[in-house]
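Bear in mind that the values in this text are calculations on the coordinates, not laboratory data. Predicted model only: the values in this text are computed from it and were never measured. Because the Cβ atoms are built from the backbone with ideal geometry, glycine has one as well, and the counts that use them run over all protein chains shown.
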Amino acid sequence: MKKILVAGGMGYIGSHTAVELVSAGYEPIIVDNLSNSSESMLEPLEKLCGMRPKFYKADIRDRAAMDKVFAENEIDAVIHFAGLKAVAESVSMPIEYYENNINGTLVLCEAMRAAGCKKLVFSSSATVYGPTNEPPYTEDMPTSATNPYGWTKVMIEHILEDICTADPEWKVLSLRYFNPIGAHESGLIGEEPNGIPNNLFPYIARVASGKFDHLKVTGNDYPTPDGTGVRDYIHVVDLATGHIAALKRLDEQNGYDAINLGTGKGSSVFDVLHAFEKACGRELPYKIYPRRPGDLAFSFANVDKAKRLLGWTAKYDMDRMCADGWRYIEHVSK
Ligand code: NAD
Ligand code: UD1
């Protein structure tokens with residue numbers, strides 16, 4: 001059974017990917033410093049995987065700890081989710097974001113090189129398309145960013161490409177995620193951000209569970225069909241299976257590449273709200289607020305490259321994303 005090091009595997013996307021790894025016949029070896037997750041994730045993971053995944057509480061910036069993980073396990077490839085991800089926080093804490101995300105990636109790559117493991121799947125983001133490209137975004141478009149979080153993704157992509165250019169033994173895929181939402185169908189794992197959520201889906205979920213009295217719709221005067229922002233939401237389990245396809249792709253790929261993981265379809269804020277109302281069975285109050293600074297009217301992927309190179313397409317629709325997301329919220333509110 002091939003062992004896959006899942007850096008950041010106790011988090012939202014990493015935990016769902018660990019489950020899919022096991023069902024695809026891989027053994028996940030999880031490394032996480034628990035800065036945005038908790039060891040209690042091991043309980044649902046054990047239920048869903050049918051075995052307790054091997055877990056190291058370690059920081060990917062800790063070279064000695066990473067060397068130990070590689071020495072104790074014959075790792076075939078690494079999936080790298082370990083990073084800080086809150087856009088607004090990155091604007092107020094740029095040093096911490098650059099240090100954690102970029103230094104973390106460098107130390108991880110050093111440890112991989114020392115261990116002779118040179119296959120990596122990296123969590124990038126649609127944010128690298130920046131403010132000037134027009135959707136649908138294709139992977140050959142120039143990248144840029146508008147905040148430190150986004151710049152860490154742009155910079156790490158360049159670093160990984162340079163590593164592959166310097167040493168042809170490396171094989172790296174950056175997966176550019178669009179907007180992951182929803183939860184595992186069991187309701188056992190999902191996303192429950194600390195504090196007030198910045199993103200739409202967890203905010204709607206809190207309105208549905210009665211924690212907030214209304215959704216703040218940030219802008220209804222965009223040049224979109226209903227005036228609200230349009231995004232390419234993707235079920236987190238579809239995203240997870242995209243990583244399995246990416247691992248298989250690495251075996252036949254030479255060097256570096258980047259691939260979008262989205263559905264290719266756009267949904268407005270009201271589309272998501274109404275789908276969530278169907279899932280939870282009641283109307284959810286909302287009020288219109290001013291636009292959020294830096295927000296785009298539209299963001300959605302061209303997904304041809306994923307289909308062509310990974311043989312992968314997303315299969316779940318918005319109703320399913322909301323139904324599964326709501327099941328998880330009901331589970332954690334019990
Ligand atoms: P998450 O915060 O739930 O998971 C990240 C995990 O990494 C956490 O468990 C955290 O404790 C861990 N971590 C952070 N820094 C670490 C370090 N230095 N050493 C070890 N562990 C560390 O986030 P997520 O939503 O699962 O996102 C995973 C990755 O995908 C991130 O890199 C994120 O930037 C990227 N991404 C996420 C989204 C999204 O909307 N969720 C969109 C695009 C890209
Ligand atoms: C956010 C990040 C982006 C990241 C992406 C990945 C910001 C500014 N951007 O983008 O870097 O790559 O997630 O998932 O955080 N909305 C509301 N009310 C809310 C929250 C959001 O109406 O309370 C609207 C927004 O205006 C937007 C849509 O909902 O039109 C989606 O917002 P969000 O979930 O934050 O995702 P992104 O803006 O795509």
Could you calculate the FRET efficiency of S40 with K287 from 1/(1 + (r/R0)^6), where r is the beta carbon distance between them and R0 is 45 Å, rounded to 0.05?
0.80
Can you sort I156, I288 so the residue with the fewest Cβ neighbours within 10 Å comes first?
I288, I156
Decide, for segment 266-334, between rounded, prolate and oblate: order the square roots of the alpha carbon gyration tensor eigenvalues as a ≥ b ≥ c, take rounded if a/c falls under 1.5, and otherwise choose prolate if a/b is larger than b/c, else oblate.
oblate
For helix 318-333, report the angle its Cα long axis makes with the longest principal axis of the Cα atoms of the chain; keep it between 0 and 90° and round to the nearest 10°.
80 degrees
Before anything else, pin down the relative contact order of the chain: Cα pairs under 8 Å, at least 6 apart, normalised by residue count, whole percent.
18 percent
If the chain between T165 and I102 were fully extended at 0.36 nm per residue, the gain over the current Cα-Cα distance would be 20.8 nm
Which angle from 0 to 90°, rounded to the nearest 10, does the C-alpha axis of helix 236-250 make with the longest principal axis of the chain?
30 degrees
Using unit Cβ charges (K, R positive; D, E negative) and no other charged atoms, how large, in debye to the nearest 20, is the dipole of segment 1-62 about its Cα centre?
160 debye
If I take all pairs of Cα atoms in the chain, what percentage of them are more than 27 Å from each other?
42 percent
So for segment 281-334, taking the charge dipole from beta-carbon charges (+1 Lys/Arg, -1 Asp/Glu), which of G325, Y286, L296 sits furthest toward the positive end?
L296
Taking H16, H184 and counting other beta carbon atoms within 10 angstrom, the fewest-first order is H184, H16
